[in-house]
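In what follows, a single structure is set out as structure tokens and then discussed.
The values are calculated or read from the model by the stated rules, or taken from the named source; none is laboratory data. Computed from a prediction, not measured in an experiment: that's the story for all the values here. Cβ: placed from backbone, ideal geometry, glycine included. Neighbour counts: every protein chain shown. All accessible areas refer to the heavy atoms of the entire protein, side chains included, with ligands and DNA or RNA removed. Shrake-Rupley method; radii C 1.70, N 1.55, O 1.52, S 1.80 Å.
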Amino acid sequence: MLRRREEESLSMPMEKKRWSLVGATALVTGGTKGIGRAIVEELAGFGARVHTCSRNKAELNVCLQEWEKLKLDVTGSVCDVSSRTEREKLMEEVSSVFNGKLNILINNAGTAILKPILDFTDEDCSFLVATNFESAFHLSQLSHPMLKASGVGSIVHISTVCTFIGLEGHCIYSATKGAMSQLTRDFACEWARDGIRTNCIAPGITRTVQVQPFLDDKDAAAKEMSRIPNGRPGEPEEMASLAAFLCMPAASYINGQVICVDGGRGING
């Protein structure tokens, strides 16, 4: 399969290659639902070989079966990215699957605990930092040799528009995501010499399973939609399209950027 994809890439017209991921290898964390799943399917749809992970084995297996039916080249592992040991095990498997070379790392896995500042516990803070920030930093470290070996590497962190605005209840969540935005700038400066670009997507409110209960609250949703110039939530596919583009040769001079995909929410206060 890999040889066939490489042959397809070599025979592809130069202009088309700029907008293709044929022959590329990718790791997407948290890829079984929401934005992560949309990114897995977008990358695979553009020809990449994708490996993803989830804490939920049953959920992962269902997705792998569905992707196989769609003839998408996707493999997967069970992994809780908040665990250092499991992150190391994941990267060992990724190295084996892709023969030590990785083109794309999408640090998508994350979680949120939303509550008033005074109600946060030490356990809340530790869990959010480990899941959202430490996982992205450590997986990037572990991926660096493979990204460098590939000759053309791209890291995309998934942050949030909440790092550009203030929202009640979002304190620690937004702080951990803001740290990812800073990682983006520092990685870009330090790793460009190794052929690795790093960018970050900051989604606005997006229609996912986790967000749907909020959207079902008509009063709360209407208040939030009034602050979005586009007047609606985003769709996971709208985040995935930018993620795929940032990993393509056509985006080769985009580095160190944090890009909001939020219908204008971040500029509207």
Discussion item. Which of the helices (runs of 4 or more DSSP H) found entirely inside the range 160-269 contain at least 2 residues meeting this: modelled with pLDDT under 95?
Written reply: 171-191, 212-216, 218-225
Worksheet item: Does Thr160 satisfy the condition of being of a type outside the set (A, V, I, L, M, F, W, C), farther than 17 Å from Gly30 by Cα, touching a strand residue (DSSP E or B) at 6+ places or on another chain (Cβ under 6 Å) and open to solvent by less than 40 Å² (accessible area, probe 1.4 Å)?
Response: no
Discussion item. Anything in the range 162-190 that is over 13 Å from Ala112 (Cβ atoms) and among the hydrophobic types (A, V, I, L, M, F, W, C)? List them, or say none.
Written reply: Phe164, Ile165, Ala179, Met180, Leu183, Phe187, Ala188, Cys189
Worksheet, complete the sentence: So, first residue on the phi > 0 side of the Ramachandran plot in the range 217-239, second residue open to solvent by less than 40 Å² (accessible area, probe 1.4 Å) and assigned to a helix (DSSP H, G or I), Cβ within less than 9 Å, six or more apart or across chains; the pairs are Gly231/Met225
Item to complete: Could you figure out which of (1) at pLDDT 95 or above; (2) more than 20 Å from Gly151 (Cβ to Cβ); (3) part of a helix (DSSP H, G or I) isn't true of Glu15?
Response: (1)
Practice prompt. Pull up the range 106-142, narrow it to residues that are open to solvent by less than 70 Å² (accessible area, probe 1.4 Å), of a type outside the set (A, V, I, L, M, F, W, C) and more than 21 Å from the chain's Cα centre (by Cα), then point me to the one that is nearest to Ala24 (Cα to Cα).
Written response: Asp124
Fill in: Of residues in the range 76-105 being closer than 14 Å to Ser54 by Cα and among the basic types (Lys, Arg), the one most open to solvent (accessible area, probe 1.4 Å)
Lys89
Worksheet entry | Residues of the range 84-109 satisfying the condition of being free of Cβ contacts under 8 Å to residues at least 40 places away in the same chain and charged (D, E, K, R) | Glu86, Lys89, Glu92
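Here is a yes/no grid of residues against (1) touching a Lys or Arg at 6+ places or on another chain (Cβ under 6 Å); (2) surrounded by fewer than 19 Cβ atoms within 10 Å (Cβ to Cβ); (3) under 30 Å from Cys125 (Cβ atoms):
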| site | (1), (2), (3) |
| --- | --- |
| Leu167 | no, yes, yes |
| His170 | no, no, yes |
| Glu190 | no, yes, yes |
| Gly195 | no, yes, no |
| Cys200 | no, no, yes |
| Arg207 | no, yes, yes |
| Asp216 | no, yes, yes |
| Ala243 | no, no, yes |
Discussion item. Please go through the range 70-119 and give me each residue that is in a helix (DSSP H, G or I) and touching an Asp or Glu at 6+ places or on another chain (Cβ under 8 Å), ordered by number.
Written reply: Arg84, Glu86
